[in-house]
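Enquirer: Can you keep this structure in mind? I'll have questions shortly.
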Amino acid sequence: MSGDQRTPSRPRLIRRTLGLTGTALAVLFACLALTPSLLPRPWPLQGVACGLTAATGYALGATLGAVVRVFWQRPPPVPARIAWRVLAVVGPASLAVFLWLGARWQQTLRQRLDMDPVGVHHVLGTVVVGLATFGVLLLLARVLRLFTRFLTQLLGRWIPRPIAVTAGCLVVAYASVGIVQNFLVDGTFNVISQAASLTNGETAPGVKRPLSGLRSGGTNSFVAWDALGKQGRSFIGNAPTRQEITAFTGAPAVDPIRVYVGLDSAETAHERAQLALRELDRTKAFTRAVLGVVIATGTGWVDENVTDALEYMHGGNTALVSMQYSYLPSWLSFVVDQEKVQQTTRELVEAVHDRWAAMPEQSRPKLVVFGESLGAYGIESAYGSLDALAAGTDGALLVGPPFANPIWGNLVRHRDPGTPVWDPVYRDGSIVRFADEAEELRTPIAPVGPKVVYLQNSSDPVVWFSPELLIRPPAWLKGPRGPDVPERMRWYPGITFWQTLLDLAFANEVPPGHGHLYGSGVVDGWAALVPPTGWTTEDTARLRTLLDAIVRPE
């Protein structure tokens, strides 16, 4: 080789510096991620939101830059250097301003929800977690890019370059999906599932096996105490006593009936439903004034405010039945167990309804159904339509319905003109009532009480999250806003989707009446649906005060 010959430089496989367009959009997206969402976020969650949206902005910018370089020439070096210098000043200044504004917005949100203010650590923690999240995602993206280039060059030795590029991208995409599915998704699911399974075998502190024959797991029960699961044992063991109910009503009360069938009680949903029916017959549940079918959340948990409210309201002359369909958290059950909640609800509802419908109308109990979150989805799936739900029950209370609920979605879309999506009116409220604040239900809007009541906090991300947030602004950010929705919250493509999705993680960490916590507001729901004779608004307020004062175990 002669002295003036030079070895051709090998193309760089990975860019060592950040791209201009990607960096600019990453800064913009990170700033927008600091704007308000439905709920105040702790700094780790705020940091993840910033890092995630910044990485999304960088990916978008990098893609745009690549397209420009393919179809047009590269930008001249001098304007590029000037742009970098401007970004070096404007970028950090913008982030500093939005971090300051973000902290103020978080303080305002917390004041609105009567929560403790945040300190300086909130800003510092947000920065650290945001940079770490962005860095990890950027590193992963560049490793994939490096591997794609390597495969393209390797395959290019034997096949034409366009085919090599296509094949390299497909191989890396296939491998990435496989790794995410088999190792990350399945691995995470297995870890959560195993942990949930172990938790299901525990018993909450203070919960003891009942001696009463009016409870599943008690004397002469067809269901073993150990087969109820943790949440089932809590549901059975924490019922109010006859003496406690009498102290509230001022009249002689009876011990309420509670029936629960856990996952380990029988092999199939049909067998568990039939076992629940045998328990109802054994306890003479169909002789009570009110019979309630309660659909649990993913772990099998039943909100004690809901059950206690109905029992106190009717002097204990009630029978409540529930079944476990999973021991996974509700959000994970929604992803992997939708069929289970649908099947379990359908089997239980049909078993109870068929027995109830065969009784003489004048002597059968009032039949009510309840579902919260994924449980509300199960109720709607079992009945299929508003007419069937109203005709097949004496009352249905649905709390925090997720966006996938078919009946809820149809009612909201066809609400009366001029009514907001967060507090809609459907056909003058004669069949169904919606309430953002439970106290609204104390004022009738139709001559006859409703058959179906929805409670939906305007700040509940379980209700308002939807994949459509990616591409279009939601109705709950248009026109008059709910009392909990920040005035400065705006819709940004993609960003609002991630913000609301991350709000789901904090939905139960706020005071009752906000987020996904409805607390004693369910008393107003039951009072609107199945009030006992002589029940007054003052009784509703007294019962809510009583329930609010009860210290619930964590």
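The values are calculated or read from the model by the stated rules, or taken from the named source; none is laboratory data. Only a predicted model underlies this, so the values are computations on that prediction, with no experimental measurement involved. Here Cβ is always computed from backbone atoms with ideal geometry, including for glycine, and neighbour counts include all displayed protein chains.
Enquirer: Based on this model, can you work out whether residue 172 counts as modelled with pLDDT of 90 or more and assigned to a helix (DSSP H, G or I)? Give the steps one after another, and end with the answer.
Expert: Numbers: modelled with pLDDT of 90 or more: no; assigned to a helix (DSSP H, G or I): yes.
So residue 172 fails the test.
Enquirer: Name the residue, out of 386, 411, that is in contact with a Pro (Cβ under 8 Å, 6 or more places away or on another chain), surrounded by fewer than 24 Cβ atoms within 10 Å (Cβ to Cβ) and within 17 Å of residue 455 (Cβ to Cβ). Walk me through how you get there before you give the answer.
Expert: Numbers: 386 fails: in contact with a Pro (Cβ under 8 Å, 6 or more places away or on another chain).
After applying the criteria, what remains is 411.
Enquirer: Could you list, in sequence order, all residues of the range 218-255 that are within 19 Å of residue 300 (Cβ to Cβ) and either outside the structural domain of residue 328 (by TED's automatic domain parsing) or in a loop (DSSP other than H, G, I, E, B) (or both)?
Expert: Here is the first cut: in the range 218-255, the ones within 19 Å of residue 300 (Cβ to Cβ) are 218, 221-239.
Listed by number, the residues that qualify are 218, 221, 222, 223, 224, 228, 238, 239.
Enquirer: So, one more: For residue 110, indicate whether it is under 28 Å from the mean Cα position of the chain (by Cα) and under 14 Å from residue 34 (Cβ atoms).
Expert: Answer is no for this residue.
This table checks each residue for (1) more than 29 Å from residue 462 (Cβ to Cβ); (2) in the same structural domain as residue 140 (by TED's automatic domain parsing); (3) out of contact with any Cys (no Cβ under 9 Å at 6 or more places or on another chain); (4) not in a helix (DSSP H, G or I).
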{"residue": "36", "(1), (2), (3), (4)": "no, yes, yes, yes"}
{"residue": "45", "(1), (2), (3), (4)": "no, yes, yes, no"}
{"residue": "51", "(1), (2), (3), (4)": "no, yes, yes, no"}
{"residue": "62", "(1), (2), (3), (4)": "yes, yes, yes, no"}
{"residue": "82", "(1), (2), (3), (4)": "yes, yes, yes, no"}
{"residue": "94", "(1), (2), (3), (4)": "yes, yes, no, no"}
{"residue": "114", "(1), (2), (3), (4)": "no, yes, yes, yes"}
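Enquirer: A follow-up question, please. Across the range 244-266, which residue is farthest from residue 325 (Cα to Cα) among those that are among the hydrophobic types (A, V, I, L, M, F, W, C) and surrounded by fewer than 23 Cβ atoms within 10 Å (Cβ to Cβ)?
Expert: Taking the range 244-266 as the starting set, the residues that turn out to be among the hydrophobic types (A, V, I, L, M, F, W, C) are 245, 247-248, 251, 253-254, 257, 259, 261, 263, 266.
Checking which are surrounded by fewer than 23 Cβ atoms within 10 Å (Cβ to Cβ) leaves us with 247-248, 251, 253-254, 263, 266.
Numbers: 247: 35, 248: 34, 251: 37, 253: 32, 254: 30, 263: 6, 266: 11 Å.
Applying the filter and picking the extreme gives 251.
Enquirer: Which of the residues spanning the range 117-156 are at pLDDT 80 or above and either under 18 Å from residue 36 (Cβ atoms) or among the small types (Gly, Ala, Ser) (or both)?
Expert: Across the range 117-156, the qualifying residues are 117, 122, 123, 125, 126, 130, 132, 135, 141.
Enquirer: Could you please let me know if residue 339 is at pLDDT below 95, surrounded by fewer than 19 Cβ atoms within 10 Å (Cβ to Cβ) and over 28 Å from the mean Cα position of the chain (by Cα)?
Expert: Values: at pLDDT below 95: yes; surrounded by fewer than 19 Cβ atoms within 10 Å (Cβ to Cβ): yes; over 28 Å from the mean Cα position of the chain (by Cα): no.
Considered against the rule, which asks whether it is at pLDDT below 95, surrounded by fewer than 19 Cβ atoms within 10 Å (Cβ to Cβ) and over 28 Å from the mean Cα position of the chain (by Cα), residue 339 comes out as no.
Enquirer: Continuing with this model, one more query. Determine whether residue 379 is closer than 14 Å to residue 293 by Cα, buried (at least 24 other Cβ atoms within 10 Å of the Cβ) and in contact (Cβ under 8 Å) with a residue 24 or more places away in the chain.
Expert: Details: closer than 14 Å to residue 293 by Cα: yes; buried (at least 24 other Cβ atoms within 10 Å of the Cβ): yes; in contact (Cβ under 8 Å) with a residue 24 or more places away in the chain: yes.
Criteria met by residue 379.
Enquirer: Residues that are touching a residue at least 12 places away in the same chain (Cβ under 8 Å), under 21 Å from residue 302 (Cβ atoms) and aliphatic (A, V, I, L, M): find the helices (runs of 4 or more DSSP H) completely inside the range 424-532 holding 3 or more of those.
Expert: Values: elements: 461-464, 495-503, 522-529.
In the range 424-532, 522-529 are the helices (runs of 4 or more DSSP H) which contain 3 or more residues that are touching a residue at least 12 places away in the same chain (Cβ under 8 Å), under 21 Å from residue 302 (Cβ atoms) and aliphatic (A, V, I, L, M).
Enquirer: Are any residues in the range 420-442 among the β-branched types (Val, Ile, Thr) and within 21 Å of residue 390 (Cβ to Cβ), and if so, which ones? First the steps, then the outcome.
Expert: Taking the range 420-442 first, the residues among the β-branched types (Val, Ile, Thr) are 421, 425, 431-432.
Once the filter is applied, which keeps residues that are among the β-branched types (Val, Ile, Thr) and within 21 Å of residue 390 (Cβ to Cβ), the range 420-442 yields 425, 431, 432.
Enquirer: Which condition breaks for residue 230 when tested against (1) surrounded by fewer than 23 Cβ atoms within 10 Å (Cβ to Cβ); (2) farther than 26 Å from residue 343 by Cα?
Expert: Residue 230 satisfies every listed condition except (2).
Enquirer: I'm trying to understand the selection: among the residues of the range 421-465, which are over 18 Å from residue 374 (Cβ atoms) and of a type in the set (Asp, Glu)?
Expert: Answer for the range 421-465, where residues must be over 18 Å from residue 374 (Cβ atoms) and of a type in the set (Asp, Glu): 423, 428, 436, 437, 439, 440.
Enquirer: Of the conditions (1) exposed (fewer than 14 other Cβ atoms within 10 Å of the Cβ); (2) modelled with pLDDT under 95, residue 269 satisfies every one except a single condition; which number is it?
Expert: (1)
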